[in-house]
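J.: Handing you this structure, nothing more for now.
The values are calculated or read from the model by the stated rules, or taken from the named source; none is laboratory data. These numbers come from a predicted model, not from an experiment. In this analysis, Cβ positions are derived from the backbone assuming ideal geometry, glycine residues included, and neighbour counts consider all displayed protein chains. Areas reflect the complete protein model, heavy atoms only, side chains present, ligands, DNA and RNA absent. Shrake-Rupley method; radii C 1.70, N 1.55, O 1.52, S 1.80 Å.
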Amino acid sequence: METGIHNTSEIGRLKKVLLHRPGAELENLMPEYLERLLFDDIPYLREAQKEHDAFADCLRQQGVEVVYLTDLVVNSLTSDEVRRDFIQQFLNESGVQDQRTHELLSDYLGKMPDKEMVSAMMAGVRKSQLRQESGKLGDYLSAAEDEYPFAVDPMPNLYFTRDPFATIGTGVSIHKMHTATRNRETLFGKFIFEHNPEYMHAPRWYDRGEVSSLEGGDILILSPEVLAVGISQRTRGDSIDTLAETILSYNKTNFKKILAFNIPKTRSFMHLDTVFTMVDRDKFTVHPNILNRITVFVMELDENRKMKIEQEDARLEDILKEHLRLDHVTLIPCGQGSEIDAAREQWSDGSNTLAIAPGEVVVYSRNYVTNHSLEDAGIRVHTIPSAELSRGRGGPRCMSMPLWRENP
């Protein structure tokens, strides 16, 4: 059993991974509030859980140890004091303005066993649940609140464990998310990396208290020396500057440069890992729209340990060949380059693969055109069902946070 964090590539054999099995938070999605919660549709929970279980089983069959977010958080509640602090920080960040409601929620959550409490935080709290639990105080809630049905919003994006924090080398970046809806998710990472005995000593590359947003889907570890970060709809250039300064200055990592990819600031591109992912040492899936030219800022420390940034405008293939020291690069376009197939399969994250070893990936079965292209390129493909999971607009890479990979 691997302990701690070790993640120096996108393709080293995956030994341990963090997932979140979708829970009641998906059943707290309502059509009126989808945009607020960053969803386009409402997955059917029972089927989404079956699909997610198939994903976890696929990984286990390939020798990967699967751990779950809820369990890691529960194991971080190491004392009554830590537990009380966790509840108060959660409520403070949940937008609960009314003091009486705050007290009702604190009492409601505080009475639960640890695992039930963490699951309830993730699911969100309906006002109807508080009324049932609170007796006469519930009458106050009915009179004092507006028609919005939640005392605390659900967190339906949690099954995309890639985003709230990222493991890089032997350390972790805990993120300031682009939206308030998702920023609450990073509180779970905070307590894991401050209190869980297995992970509390990991170096910290970025912290959720920063003012500029950074999300894990924009971070790709291309090699033990090269990190790629997307300047995207959800990750700002300032945060990449901070991340680069911290990682490159730390003398116990081998990272020598960070490539900041400037990608379109639209929801269809969202993160760098919806644009391209690494599937082998010299093979990548790509969105066809970036096959021409792309702007990259190369960030390195000079001989005086000062940050040096140079802009490169070139084909993605040439950038990857240069900085990864490769003689040849194969780019595998989503949808085999067909405008229609690429658009359809990009919508369901055809480019968002999870490499579990060099040349071996997990993908959604529905993206069969792209999957055939991967197989034609010599990639071993494991397909998982995805009719419901894909409604959240994220693929296998989005749904997984590697905790331990072997060196590539």
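J.: What do you reckon, how do K115, K306 stack up by accessible area (1.4 Å probe), largest on top?
T.: Ranking K115, K306 by accessible area, largest first, yields K306, K115.
J.: How big is the convex hull of the Cα atoms of the chain, per residue, in Å³?
T.: So the per-residue Cα hull volume is 133 Å³.
J.: Then there's this: How much space per residue, in cubic angstrom, does the convex hull of the C-alpha atoms of region 217-344 take up?
T.: 102 Å³
J.: Still on this structure, please answer the following. If you bin the C-alpha pair distances of region 34-83 every 10 Å from 0, what whole percents do you get?
T.: Histogram of Cα-Cα distances, whole percents per bin: 19, 28, 33, 20.
J.: When the distances between all Cα atoms of region 1-79 are binned every 5 Å from zero, what whole-number percent does each bin get?
T.: Final binned percentages: 3, 12, 17, 19, 16, 15, 13, 5, 1.
J.: What is the ratio of the Cα radius of gyration of region 287-408 to 2.2 N^0.38 Å, where N is its residue count, to two decimals?
T.: Expressed relative to 2.2 N^0.38 Å, the Cα Rg reads 1.22.
J.: Continuing with the same structure: Which sequence of W347, W205 reflects their accessible areas, 1.4 Å probe, from the largest down?
T.: From most exposed to least exposed: W347, W205.
J.: Test of understanding: what is the full-extension gain from Y250 to K111, defined as 0.36 nm times their sequence separation minus their Cα-Cα distance?
T.: The span from Y250 to K111 would gain 45.7 nm if fully extended.
J.: Let me ask you something else. Across the Cα atoms of region 163-282, what radius of gyration and what greatest pairwise Cα-Cα distance (Dmax) are found, in Å?
T.: Values for region 163-282 (Cα only, Rg and Dmax): 13.7, 40 Å.
J.: Go ahead and estimate [θ] at 222 nm for the chain from helices alone: -39,500 (n - 2.57) per DSSP H run with n ≥ 4, summed, over the residue count, rounded to 500.
T.: -9500 deg cm²/dmol
J.: Just to be sure I understand the model, the point goes 7 Å from the Cα along the line to the Cβ. What's the resulting L301 to V67 distance in nm?
T.: The answer from the label model is 2.9 nm.
J.: Dividing the convex hull volume of the Cα atoms of region 71-128 by its residue count, what figure in Å³ per residue is obtained?
T.: Each residue corresponds to 83 Å³ of Cα convex hull volume.
J.: If you consider only alpha-carbon coordinates, what radius of gyration and Dmax does region 315-355 have, in Å?
T.: 12.5, 34
J.: With unit charges on the beta carbons (Lys and Arg positive, Asp and Glu negative) and the dipole taken about the Cα centre of the chain, which residue among L26, W205, T383 sits farthest to the positive side?
T.: Towards the positive end, the residue furthest out is W205.
J.: Okay, moving on. Which percentage, to the nearest 5, of the DSSP beta bridges contained in region 253-408 is antiparallel?
T.: Taking every DSSP beta bridge with both residues in region 253-408, the antiparallel ones total about 70 percent.
J.: Another question about this same structure. Relative contact order of region 177-234, please, whole-number percent, based on alpha carbon pairs below 8 angstrom and at least 6 residues apart.
T.: Averaging sequence separation for qualifying contacts and normalising by length gives 30 percent for region 177-234.
J.: Related question: Suppose every K and R has +1 on its Cβ and every D and E has -1 on its Cβ; what is the size of the dipole of the chain about the Cα centre, in Debye to the nearest 20?
T.: 380 debye
J.: Below 16 Å, Cα to Cα, which lysines can K308 reach? Residues fewer than 8 away in the same chain don't count.
T.: Partners found: K256, K257.
J.: Where Lys and Arg each count +1 and Asp and Glu each count -1, what net charge lies around D327 among other residues with Cβ under 9 Å from its Cβ?
T.: Taking every Cβ under 9 Å from that of D327, the sum is +1.
J.: Find the relative contact order for the chain and round it to a whole percent, using C-alpha pairs within less than 8 Å whose residues are 6+ positions apart.
T.: That works out to 23 percent.
J.: Ratio to report: Rg/Rh of region 1-47, with Cα atoms as the point set and Rh obtained by the Kirkwood method; give two decimals.
T.: Over the Cα atoms of region 1-47, Rg/Rh equals 1.19.
J.: What area, in nm² and to one decimal, does the C-alpha convex hull of region 333-387 cast on average over all directions?
T.: Convex hull of Cα atoms, orientation-averaged projection: 3.3 nm².
J.: Where both partners of a DSSP beta bridge lie in the chain, what percent of those bridges are antiparallel, to the nearest 5?
T.: 60 percent
J.: Looking at region 122-261, what % of its DSSP beta bridges pair antiparallel, to the nearest 5?
T.: Within region 122-261, antiparallel bridges account for around 55 percent of the total.
J.: Find the relative contact order for region 340-408 and round it to a whole percent, using C-alpha pairs within less than 8 Å whose residues are 6+ positions apart.
T.: 36 percent
J.: Still on this model: Using the Kirkwood formula over every pair of different C-alpha atoms, what hydrodynamic radius in Å results for region 10-126?
T.: Kirkwood hydrodynamic radius for region 10-126: 16.4 Å.
J.: For the cross-link pairs K16/K283; K111/K176; K50/K127; K15/K111; K190/K306; K50/K176, which exceed 27 Å when the distance is taken from alpha carbon to alpha carbon?
T.: K111/K176; K50/K127; K15/K111; K190/K306; K50/K176
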